[in-house]
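Each remark here refers to the structure printed beneath this line.
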Ligand SMILES: CSCC[C@@H](NC(=O)CCC(=O)O)C(=O)O
Ligand SMILES: [Mg+2]
């Protein structure tokens, strides 16, 4: 399969409501899409980098430049743009996992469409639908939070994740527990907002029987997470710290991760994401699929990944309307709290031409 060209397409996707985390508030997504044109088929990849480098060091303009100057020429230089062959070539370019993941996914989508193989079939999916959790941002008030959670539970979401930060943690969790009871699957995500000195405070979450606390400490403080795990009862889950399968193995060996949030963009692609899944499985550590407010293209790939055997916790694989009034693919919908795994070749979804046209802000053809 020879790569003949790559299109970089930027789309503007307003969010149905602001989404506030400990590192800022998102009002819209400025998404970089990669379309790989090969002599066999075309494929799409979504870059999950945000507009600013606040979740991690990548940001969308930088990712576009890395694809333009380094990744696309590297892929085009190969005799065959096989996503597996592209990995070692991309390894020679340091960092930029989200940019790499977008290109690799576009090549994988093209290869699988040409072969008539679904993304889930290729990755090793064992389920036809996956349980959907939902991520709930930091709100202006407890009543507003309770209204939001009530709405999501009413839609059928099977797990609630609350964003937390110092000053918005114990009380919102207590309020959700008191209002919705002990049966609701509940977890929190701090996006690195605390330090080990907050251990005693974070232990105040223990009575609320949370599934996990996600990335309480900075992404490079793996030892700190291990120390924290010995001081709190809530299981520690890592997100930002897990940049590769090796990082997952190290974190598990250090006792820093009882659970892992798998995000293909954070680790350089779906092939490495599967390796993270496999390493965690080998250590008896459950995983779930994280989210980066993906459009239906990235969402399709995540839902397929979430159907692998060791994805035993509901992921942030929400319906499209959690974030977007109009998706660029047919919307993913919640069915009894689950999202269906696409079965068609490749990602199994196509961009809707009209929706894509209406939200495109830039299109650039990279002649290779
Ligand atoms: C803008 S926040 C993106 C990163 C965040 N993602 C979510 O909270 C889930 C977002 C989603 O539902 O896609 C995380 O740290 O897990
Ligand atoms: Mg997270």
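The values are calculated or read from the model by the stated rules, or taken from the named source; none is laboratory data. Remember, it's a predicted structure, so these values are computed and weren't measured experimentally. Reconstructed Cβ throughout: ideal geometry from the backbone, glycine too, with neighbour counts over all protein chains shown.
Is at least one residue of segment 67-84 assigned by the TED database to the domain that holds residue 362, in contact with a strand residue (DSSP E or B) (Cβ under 8 Å, 6 or more places away or on another chain) and within 16 Å of ligand 1 (Cβ to nearest atom)? No, every residue in segment 67-84 fails to be assigned by the TED database to the domain that holds residue 362, in contact with a strand residue (DSSP E or B) (Cβ under 8 Å, 6 or more places away or on another chain) and within 16 Å of ligand 1 (Cβ to nearest atom). When we screen 176, 170 for residues that are surrounded by 15 or more Cβ atoms within 10 Å (Cβ to Cβ), in contact with a strand residue (DSSP E or B) (Cβ under 8 Å, 6 or more places away or on another chain) and free of Cβ contacts under 8 Å to residues at least 40 places away in the same chain, the only hit is 176. Can you spot a residue in segment 248-264 that is under 18 Å from the mean Cα position of the chain (by Cα), in contact (Cβ under 8 Å) with a residue 40 or more places away in the chain and part of a helix (DSSP H, G or I)? Looking through segment 248-264, at least one residue is under 18 Å from the mean Cα position of the chain (by Cα), in contact (Cβ under 8 Å) with a residue 40 or more places away in the chain and part of a helix (DSSP H, G or I).
List the residue pairs whose Cβ atoms are under 6 Å apart, where the first residue sits in segment 348-362 and is within 13 Å of residue 10 (Cβ to Cβ), the second is surrounded by fewer than 16 Cβ atoms within 10 Å (Cβ to Cβ), and the two are 6 or more positions apart or on different chains. These pairs meet every condition: 359/12; 361/12.
Looking across 148, 125, one residue alone is within 30 Å of residue 1 (Cβ to Cβ), assigned by the TED database to the domain that holds residue 335 and away from ligand 2 (no atom under 16 Å from the Cβ). It is 125. Considering segment 69-111, the residues that are out of contact with any helix residue (DSSP H, G or I) (no Cβ under 9 Å at 6 or more places or on another chain) and not in a helix (DSSP H, G or I) include one that is modelled with the lowest pLDDT, namely 80. Of all residues in segment 281-295, those being part of a loop (DSSP other than H, G, I, E, B), in contact with a strand residue (DSSP E or B) (Cβ under 8 Å, 6 or more places away or on another chain) and either within 14 Å of ligand 1 (Cβ to nearest atom) or in the same structural domain as residue 43 (by the TED database) (or both) number 5.
Checked against (1) crowded, with 22+ Cβ neighbours inside 10 Å; (2) outside any loop (DSSP other than H, G, I, E, B), residue 278 passes all but condition (1).
Of the residues making up segment 157-167, those that are within 23 Å of residue 132 (Cβ to Cβ), in contact (Cβ under 8 Å) with a residue 60 or more places away in the chain and assigned to a strand (DSSP E or B) number 3. All told, residue 131 meets the bar of being surrounded by 16 or more Cβ atoms within 10 Å (Cβ to Cβ), closer than 30 Å to residue 274 by Cα and assigned by the TED database to the domain that holds residue 212. Among the residues of segment 318-341, those that are surrounded by fewer than 23 Cβ atoms within 10 Å (Cβ to Cβ) and within 19 Å of residue 26 (Cα to Cα) comprise 319, 320, 321, 325, 326.
Determine whether residue 203 is surrounded by 23 or more Cβ atoms within 10 Å (Cβ to Cβ) and over 19 Å from residue 21 (Cα atoms). No: the conditions fail for residue 203.
The residues of segment 112-133 that are over 13 Å from residue 348 (Cα atoms) and part of a helix (DSSP H, G or I) amount to a single one, 123. Would you check if residue 228 is buried (at least 19 other Cβ atoms within 10 Å of the Cβ) and either over 21 Å from residue 163 (Cβ atoms) or within 16 Å of ligand 1 (Cβ to nearest atom) (or both)? Judged against the criteria, residue 228 is not a match.
So which of 298, 344, 315 is surrounded by fewer than 17 Cβ atoms within 10 Å (Cβ to Cβ), in contact (Cβ under 8 Å) with a residue 60 or more places away in the chain and either over 17 Å from the mean Cα position of the chain (by Cα) or in the same structural domain as residue 126 (by the TED database) (or both)?
That would be 344, the only listed residue that is surrounded by fewer than 17 Cβ atoms within 10 Å (Cβ to Cβ), in contact (Cβ under 8 Å) with a residue 60 or more places away in the chain and either over 17 Å from the mean Cα position of the chain (by Cα) or in the same structural domain as residue 126 (by the TED database) (or both).
When residue 139 is tested against (1) free of Cβ contacts under 8 Å to residues at least 12 places away in the same chain; (2) in a loop (DSSP other than H, G, I, E, B); (3) under 23 Å from the mean Cα position of the chain (by Cα), just one condition goes unmet, and that condition is (1). Checking each residue in segment 314-331 for being over 17 Å from residue 44 (Cα atoms) and in contact with a strand residue (DSSP E or B) (Cβ under 9 Å, 6 or more places away or on another chain) picks out 314, 315, 316, 317, 318, 319, 321, 322, 323, 324, 325, 326.
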